[in-house]
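Structure first, commentary second.
The values are calculated or read from the model by the stated rules, or taken from the named source; none is laboratory data. Note that this is a predicted model, so its numbers are computed, not measured. Positions of Cβ are generated from backbone atoms using ideal geometry, with glycine treated the same way; all protein chains shown enter the neighbour counts. Areas reflect the complete protein model, heavy atoms only, side chains present, ligands, DNA and RNA absent. Shrake-Rupley method; radii C 1.70, N 1.55, O 1.52, S 1.80 Å.
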Amino acid sequence: MKKILIACLGALLAGCAAESRQGPPPAPVNPQRIVVLTNEGTEAVLALGVKPVGAANSWLGSPWYPHIAEAMEGVEPVGQESAINLEHVAALEPDLILANRQRHDEIRGQLTAIAPTVFSRRLRGDWRINLGLYAESLGLAERGAEVLARYDARVDALAAALGDRLAEEVSVVRFLAGQTRLYQLDSFSGVVLGDLGFRRPANQAVNAFTRTVGRESIPEMDGDRIFYLTFDSGSGDGAAAAERVLTDPLWLGLSAVRAGRVHGVDDGIWNTAGGVLAAQLMLEDIAEIYGVDSALLAAAPPPPEGAVRPSDPSP
């Protein structure tokens with residue numbers, strides 16, 4: 001079976017076959033061998049209590065984010081979301097693939113030739129919608145609703161504890177190699193902050209993903225409170241970009257900086273993991289930053305399976 005799949009894949013890659021005009025076959029009932037091709041999809045299936053046989057590498061980690069590494073022990077990495085190793089996927093003989101149109105439309109034919117493939121439409125702020133789709137595809141729609149209900153219960157508990165502090169305008173700034181971005185409402189962190197009810201600065205209270213800015217726009221990064229993230233894959237370029245801004249006189253003059261209301265947060269949890277497990281951990285971060293007793297979140301329904309907060313997480 002494995003040789004047949006790989007041979008078929010080779011023919012597709014060589015351009016000798018095309019995607020079926022009939023469309024992909026329906027998802028199987030009770031699939032057992034799941035391959036997930038997005039980071040947020042991996043978090044979704046773990047939260048549903050399902051361990052995939054293969055998954056896209058985490059954007060940070062070797063090969064998994066620290067907060068899912070334990071749950072992902074024994075899972076085969078199949079390449080980055082944007083560079084999936086199709087032969088490796090085929091060799092795992094999946095009976096269901098979970099993919100994303102935004103990332104994988106160009107390899108749709110190859111994926112559906114390997115196994116029935118369910119495509120979520122978007123990433124960015126759609127992690128809740130996608131979790132529902134994946135749960136339905138796995139025959140676990142009721143469990144998916146429970147996972148989201150547990151998240152919503154924690155949101156409600158934390159929002160009640162924060163009270164008037166939700167009136168703060170919170171700014172989210174991310175540093176990458178050669179770039180600085182402001183994160184808006186249609187982003188992972190934007191959805192979680194919006195669920196809690198935080199206000200955002202005018203340039204971030206926009207139904208969009210991000211806005212790339214330069215040094216001259218540092219004054220626009222201000223808010224009543226600033227959360228900043230740094231993406232660095234190990235080259236040091238992201239950290240250097242962050243250092244340039246964080247030591248810039250324009251940054252040091254921001255009202256949030258002068259008031260001591262600036263917080264460096266984990267990029268994997270606040271952005272790149274992008275799923276329900278990271279959302280739960282982001283709520284914990286916010287509770288800690290605002291001095292909310294963690295027992296409040298513990299009193300809400302238990303979080304979904306899969307996420308473990310490392311005692312010494314990687315930056």
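Things to note:
- Restricted to segment 240-292, the set of helices (runs of 4 or more DSSP H) holding at least 3 residues that are out of contact with any Gly (no Cβ under 7 Å at 6 or more places or on another chain) and over 23 Å from Gly194 (Cα atoms) comprises 249-252.
- Selection count where residues are surrounded by 17 or more Cβ atoms within 10 Å (Cβ to Cβ), more than 18 Å from Gly79 (Cα to Cα) and of a type outside the set (Gly, Ala, Ser), scope segment 113-142: 12
- Within segment 174-202, considering residues that are in contact (Cβ under 8 Å) with a residue 60 or more places away in the chain and over 16 Å from the mean Cα position of the chain (by Cα), the one surrounded by the fewest Cβ atoms within 10 Å (Cβ to Cβ): Gly178
- Being in contact with a helix residue (DSSP H, G or I) (Cβ under 7 Å, 6 or more places away or on another chain), closer than 30 Å to Asn207 by Cβ, touching a residue at least 12 places away in the same chain (Cβ under 8 Å) and surrounded by 20 or more Cβ atoms within 10 Å (Cβ to Cβ) is a description that applies to Val45.
- Residues of segment 154-163 satisfying the condition of being open to solvent by less than 30 Å² (accessible area, probe 1.4 Å) and either more than 18 Å from Leu48 (Cβ to Cβ) or among the hydrophobic types (A, V, I, L, M, F, W, C) (or both): Val155, Ala157, Leu158, Ala159, Leu162
- Every condition in (1) outside any helix (DSSP H, G or I); (2) farther than 22 Å from Glu284 by Cα holds for Arg174 except the one numbered (2).
- The residues of segment 177-204 that are farther than 30 Å from Gly236 by Cβ and either assigned to a helix (DSSP H, G or I) or basic (Lys, Arg) (or both), listed by number, are Val191, Gly194, Asp195, Leu196, Arg199, Arg200.
- Among the residues making up segment 241-258, those that are of a type in the set (A, V, I, L, M), touching a residue at least 24 places away in the same chain (Cβ under 8 Å) and over 27 Å from Gln280 (Cβ atoms) are Ala241, Val245, Leu250, Leu254, Val257.
- Looking only at segment 216-274, and only at residues there that are among the hydroxyl-bearing types (Ser, Thr, Tyr) and farther than 26 Å from Tyr290 by Cα, the one that is least open to solvent (accessible area, probe 1.4 Å): Ser217
- Residues located in segment 234-289, provided they are of a type in the set (Asp, Glu) and in contact with a Phe, Trp or Tyr (Cβ under 8 Å, 6 or more places away or on another chain): Asp267, Asp285
- Taking helices (runs of 4 or more DSSP H) as the structural unit, those lying wholly within segment 64-158 and holding at least 1 residues that are within 24 Å of Asp186 (Cα to Cα) and either out of contact with any Phe, Trp or Tyr (no Cβ under 8 Å at 6 or more places or on another chain) or touching a residue at least 60 places away in the same chain (Cβ under 8 Å) (or both) correspond to 101-104, 127-137.
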